[in-house]
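Report on the structure given below.
Throughout, read-outs are computed from the coordinates displayed, never taken from laboratory work. As the structure is a computational prediction, the values presented were derived from the model and not from experiment. Here the Cβ positions follow ideal geometry from the backbone for every residue, glycine too, while neighbour counts run over all protein chains shown.
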Amino acid sequence: MTSQPRLVEITPLNVRTACRIEVHPEQKKVVSPVAWSLAEAYASPAAAWPRLVVDGDEAVGFVMAGFDGAQPAGSFFRSGLWRLNIGADHQRRGYGRFAVEAVCEEARRRGEPRITVLWVSHEHGSEQFYLGLGFQPIGEVWDGEVVAELVL
């Protein structure tokens with residue numbers, strides 16, 4: 001990181017920038033493109049919380065969480081990290097950790113006791129990253145993805 005990263009809302013002025021963020025080619029098998037995530041956010045506006053990860057004037061990543069107060073307490077869809085895309089040239093610099101911590105802070109602000117994440121078990125997947133941040137599998141698989149949680 002060259003300065004203090006921050007999250008910014010996705011707007012008509014930065015949506016194209018967000019859509020240009022690309023992960024490493026081998027990660028494309030396990031991470032949805034930002035444009036797909038934004039389409040999901042458009043379809044779930046009450047729950048989706050998409051943000052651009054910016055360092056200085058440069059977009060370095062994208063994160064999207066979901067906060068759905070209509071889901072019952074304990075549901076892994078109530079408060080979760082839906083997507084994390086850090087640009088290939090910006091990985092391993094702390095941006096992913098920053099984005100996850102920012103999502104956790106938003107969940108705390110909303111009174112959520114935990115946050116969940118799902119990942120595909122794959123050699124180029126994010127399992128080790130999330131385990132390193134303290135997420136623990138809860139023994140469930142949803143749509144072929146491991147469900148894990150982090151108690152806040």
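Look at the stretch 68-100 and say how many of its residues are without any contact (Cβ under 8 Å) to a residue 60 or more places away in the chain and either surrounded by 20 or more Cβ atoms within 10 Å (Cβ to Cβ) or not in a loop (DSSP other than H, G, I, E, B) (or both). First the steps, then the outcome.
Going through the stretch 68-100, the residues without any contact (Cβ under 8 Å) to a residue 60 or more places away in the chain turn out to be 68-75, 77-84, 89-90, 92, 96-97, 100.
Adding the requirement that they be either surrounded by 20 or more Cβ atoms within 10 Å (Cβ to Cβ) or not in a loop (DSSP other than H, G, I, E, B) (or both) leaves 78-84, 89-90, 96-97, 100.
Going through the stretch 68-100 one residue at a time, the tally reaches 12.
When the residues of the stretch 56-65 are narrowed to those that are under 23 Å from residue 145 (Cα atoms) and either in contact (Cβ under 8 Å) with a residue 40 or more places away in the chain or surrounded by fewer than 23 Cβ atoms within 10 Å (Cβ to Cβ) (or both), which ends up nearest to the chain's Cα centre (by Cα)?
63
Of all residues in the stretch 101-122, how many are of a type in the set (Asp, Glu) and without any contact (Cβ under 8 Å) to a residue 40 or more places away in the chain?
Residues in the stretch 101-122 being of a type in the set (Asp, Glu) and without any contact (Cβ under 8 Å) to a residue 40 or more places away in the chain: 2 in total.
How many of the residues in the stretch 101-152 are assigned to a loop (DSSP other than H, G, I, E, B) and of a type outside the set (Ser, Thr, Tyr)?
So the count comes out to 15.
For the stretch 23-40, indicate whether the set of residues that are acidic (Asp, Glu), part of a loop (DSSP other than H, G, I, E, B) and surrounded by 15 or more Cβ atoms within 10 Å (Cβ to Cβ) is non-empty. Please lay out each step first, then the result.
First pass over the stretch 23-40, keeping only residues acidic (Asp, Glu): 26, 40.
Subset that is part of a loop (DSSP other than H, G, I, E, B): none.
No, the conditions are met nowhere in the stretch 23-40.
Which of the residues spanning the stretch 38-77 are among the hydroxyl-bearing types (Ser, Thr, Tyr) and farther than 16 Å from residue 110 by Cα?
If the condition is that a residue be among the hydroxyl-bearing types (Ser, Thr, Tyr) and farther than 16 Å from residue 110 by Cα, then 42, 44 are the ones that fit.
Name the pairs: first residue in the stretch 138-152 and free of Cβ contacts under 8 Å to residues at least 40 places away in the same chain and closer than 18 Å to residue 100 by Cα, second residue assigned to a strand (DSSP E or B) and charged (D, E, K, R), Cβ to Cβ under 9 Å, at least 6 apart or on different chains?
146/140; 151/114
If only one of 83, 92, 110 is among the basic types (Lys, Arg) and over 26 Å from residue 25 (Cβ atoms), which one is it?
On the way: 83 fails: over 26 Å from residue 25 (Cβ atoms); 92 fails: over 26 Å from residue 25 (Cβ atoms).
Step by step, each of 83, 92, 110 is checked, and only 110 is among the basic types (Lys, Arg) and over 26 Å from residue 25 (Cβ atoms).
Out of all the residues in the stretch 78-90, which are farther than 15 Å from residue 106 by Cα and in contact with a Phe, Trp or Tyr (Cβ under 6 Å, 6 or more places away or on another chain)?
If the condition is that a residue be farther than 15 Å from residue 106 by Cα and in contact with a Phe, Trp or Tyr (Cβ under 6 Å, 6 or more places away or on another chain), then 85, 86 are the ones that fit.
Among (1) under 23 Å from residue 146 (Cα atoms); (2) crowded, with 19+ Cβ neighbours inside 10 Å, there is one condition residue 44 misses while meeting the rest; what is its number?
So the condition that residue 44 fails would be (2).
Of the residues 127, 123, 112, 140, only one is farther than 21 Å from residue 71 by Cα and more than 15 Å from the chain's Cα centre (by Cα); which?
Testing whether each residue is farther than 21 Å from residue 71 by Cα and more than 15 Å from the chain's Cα centre (by Cα) leaves just 123.
How many of the residues in the stretch 126-145 are farther than 19 Å from residue 93 by Cβ and of a type outside the set (D, E, K, R)?
10
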